[in-house]
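Just so you know, all these numbers are worked out from the coordinates, no wet-lab data involved. Note that the coordinates shown come from a computational prediction; the quantities given were computed from them, not determined experimentally. FYI the Cβ positions are ideal-geometry reconstructions off the backbone, even for glycines, and counts take in every protein chain you see.
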Amino acid sequence: MNDEVMARVTAAVQRGRTGERANARRELETMWAEVVWGSGDDFHRCVIAHFMADLQEDARAELIWDERALAAVDGVTDERAQEFDHSLQVRGFMPSLYLSVADDYRRLGDADRAQELLDKARATSDALADDAYGELVRDALDKVGRALALGSTEPLSSD
């Protein structure tokens, strides 16, 4: 499927990763408005919100976007996700989505809520493939779990 929205999301995310965070944020905000008020769907909302969270400058704003992604995924079907990539399954999104929200709550000092969401992320981690992405998410689960156990509210290092 030729998905213009996903192509635009991918380009914006790449700009954000190369240091153009403010530009990437503006582009994703524009796309968000288009999919919320226009002809977008929950798949687009989930993906845009998930990547928008990563571009925020503070944990509260990041939490808002991560919660939007988590809310939007409820309306995404495997069939819809597979229109973009035949290998996608919604259950495979869940560990990362729960983990993102868990880490936001951890950094905001709400250890109970963070632990609840970390447990949900772990409970769905069997959906992760044995590939680089799966390894990345599993490593992040461990890092967030260790930080939470230590009572840390500091951002995790990207090592």
Unique match (being within 24 Å of residue 5 (Cβ to Cβ) and either surrounded by fewer than 20 Cβ atoms within 10 Å (Cβ to Cβ) or without any contact (Cβ under 8 Å) to a residue 24 or more places away in the chain (or both)) among 76, 101: 76
Condition check for residue 106: crowded, with 16+ Cβ neighbours inside 10 Å, in a helix (DSSP H, G or I), in contact with a helix residue (DSSP H, G or I) (Cβ under 9 Å, 6 or more places away or on another chain) and of a type outside the set (A, V, I, L, M, F, W, C): yes
Residue count for the range 1-47, restricted to those that are assigned to a helix (DSSP H, G or I) and of a type in the set (Ser, Thr, Tyr): 2
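Which count do you get for residues in the range 1-32 that are of a type in the set (Gly, Ala, Ser) and farther than 22 Å from residue 83 by Cα?
Adding up the residues that qualify gives 4.
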In the range 118-159, residue nearest to residue 90 (Cα to Cα) [restricted to those that are hydroxyl-bearing (Ser, Thr, Tyr) and assigned to a helix (DSSP H, G or I)]: 125
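State whether one or more residues within the range 128-141 are among the β-branched types (Val, Ile, Thr), at negative phi and in contact with a Ser or Thr (Cβ under 7 Å, 6 or more places away or on another chain).
Yes, because at least one residue in the range 128-141 is among the β-branched types (Val, Ile, Thr), at negative phi and in contact with a Ser or Thr (Cβ under 7 Å, 6 or more places away or on another chain).
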Filtered residues of the range 113-159 (kept if closer than 20 Å to residue 63 by Cα, within 15 Å of the chain's Cα centre (by Cα) and without any contact (Cβ under 8 Å) to a residue 24 or more places away in the chain): 117
